[in-house]
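Enquirer: This structure is in structure tokens; I'll ask about it shortly.
The values are calculated or read from the model by the stated rules, or taken from the named source; none is laboratory data. Bear in mind the structure is a predicted one, so any value in this text is a computation, not a measurement. Neighbour counts are summed over all protein chains in view; Cβ atoms, including those assigned to glycine, are modelled from backbone coordinates with ideal geometry. Ligands, DNA and RNA are excluded from the accessible area calculation, which covers all protein heavy atoms including side chains. Shrake-Rupley method; radii C 1.70, N 1.55, O 1.52, S 1.80 Å.
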Amino acid sequence: MRGSITSEMWESINSTWIEFRELNYERLVAGGVSEFFDWVKTRSHLFRGVTVGTMLQDDSFHFARLGTFMERGDNTARILDVKFHILL
């Protein structure tokens, strides 16, 4: 996998991992859970932007995008399933 990703993607993953390892429970409680979730969303958006912006659009790129679209479809199906049961 390392040969398929760009150096920018690797740096994004690596810096996220380093920042994550520095987190502890006291810091999480002090900052609040919503601050942690905002950090996760920011890191996720950063990685997605780096992926789309720097990766060659070959099979590896399409495989990564396929995973994104499958996850979106799964989440949409779950929402529809819950809403269907609420309507009953």
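Enquirer: Limited to the stretch 34-55, what total is found for residues that are hydrophobic (A, V, I, L, M, F, W, C) and open to solvent by 80 Å² or more (accessible area, probe 1.4 Å)?
Expert: Selection size over the stretch 34-55: 1.
Enquirer: Further question on the same structure: As an exercise: evaluate Asn24 against (1) open to solvent by 100 Å² or more (accessible area, probe 1.4 Å); (2) more than 17 Å from the chain's Cα centre (by Cα) and give the number of the one condition it does not meet.
Expert: Asn24 satisfies all of (1) open to solvent by 100 Å² or more (accessible area, probe 1.4 Å); (2) more than 17 Å from the chain's Cα centre (by Cα) except (1).
Enquirer: Please name all residue pairs, on different chains or six or more residues apart, with Cβ atoms under 6 Å, provided the first residue is in the stretch 3-29 and is touching a residue at least 40 places away in the same chain (Cβ under 8 Å) and the second residue is open to solvent by less than 90 Å² (accessible area, probe 1.4 Å).
Expert: Note: pairs meeting the criteria are Ser4/Ser60; Thr6/Thr54; Thr6/Met55; Glu8/Val50; Glu8/Thr54; Met9/Val50; Met9/Thr51.
Enquirer: Against the definition (over 15 Å from the mean Cα position of the chain (by Cα), at negative phi and not aromatic (Phe, Trp, Tyr)), how does Val82 come out, yes or no?
Expert: The answer is yes for Val82.
Enquirer: Also, quick follow-up: Restrict the check to the stretch 61-84 and report whether at least one residue is out of contact with any helix residue (DSSP H, G or I) (no Cβ under 9 Å at 6 or more places or on another chain), loosely packed, with under 10 Cβ neighbours inside 10 Å and not in a helix (DSSP H, G or I).
Expert: Looking for residues that are out of contact with any helix residue (DSSP H, G or I) (no Cβ under 9 Å at 6 or more places or on another chain), loosely packed, with under 10 Cβ neighbours inside 10 Å and not in a helix (DSSP H, G or I), one finds none in the stretch 61-84, hence no.
Every residue, every condition in (1) in a helix (DSSP H, G or I); (2) modelled with pLDDT of 95 or more, yes or no:
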site: Ile18; (1), (2): yes, yes
site: Glu26; (1), (2): yes, no
site: Val29; (1), (2): yes, no
site: Ser34; (1), (2): yes, no
site: Trp39; (1), (2): yes, no
site: Thr42; (1), (2): yes, yes
site: Arg48; (1), (2): yes, no
site: Gly53; (1), (2): yes, no
site: Gln57; (1), (2): no, no
